[in-house]
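Just so it is clear, none of the values below were taken in a lab; they were calculated from the coordinates. Note that the structure is a prediction, hence the values are computed from the model and not measured. Don't worry about glycine lacking a Cβ; one is built from the backbone with ideal geometry, like all the others, and counts go over all protein chains shown.
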Amino acid sequence: MVVGEEHVFQLLLQVVVGGVLIWGSAGELLGYLRTRSRLVRTTGVVVALEEGGAPPGVRSRSAVFRFTTQDGRSFQVTSSAHTWPGPKVGTSLPVVYDPERPWRAERAGVLLFKLWLAPLTLAFGVFLLYLAVREW
């Protein structure tokens, strides 16, 4: 069977995209599973909005929030979620953090969304790899 260059490119693209989706999703899920017993929930306050992180012509902001850990240390963290217009400065919001890595804290709703999305992207990545292997 002679395989055209376009077909090979499509298969490689499926393998790469599927692999990236599996790697990212599995990493997110495993990270959560490793730390879930240690996670602490607290309240943070939005202290700033960081512009950027989006392609030209698209407006997005990330909330920069401050929270205090159980041992009294204060941290300022930028959320991984980029939204528009974003929460207002001064807004209180729920925060989840690992006491061993409080600088990696996240807004509770963002963490929940990632945990909801990760199995879907993992399944899609597996599906892409399956299609590529089946066509190979």
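The angle between the Cα long axis of helix 5-35 and the longest principal axis of the Cα atoms of the chain comes to about 30 degrees, rounded to the nearest 10. Loop-resident GluC sites (Glu not before Pro) (DSSP state other than H, G, I, E or B) in segment 32-110 with no more than 15 further Cβ atoms inside 10 Å of their Cβ: 100.
Against the chain, whose longest principal axis is taken from its Cα atoms, helix 108-135 shows a tilt of about 10°. Full extension of the chain between residue 36 and residue 10 gives 5.5 nm of extra length, using 0.36 nm per residue less the Cα-Cα distance.
Model label points for residue 89 and residue 124, set 7 angstrom from Cα along the Cα-to-Cβ axis, are 3.5 nm apart. For the pair residue 47 and residue 133, the difference between a 0.36 nm per residue extended length and the Cα-Cα distance amounts to 26.1 nm.
Rounded to the nearest 20 debye, the dipole magnitude of the chain is 680 debye, with +1 charges on Lys and Arg beta carbons, -1 on Asp and Glu beta carbons, and the Cα centre as origin.
The slack in the chain from residue 23 to residue 71, taken as 0.36 nm per residue of separation less the alpha-carbon distance, amounts to 13.9 nm.
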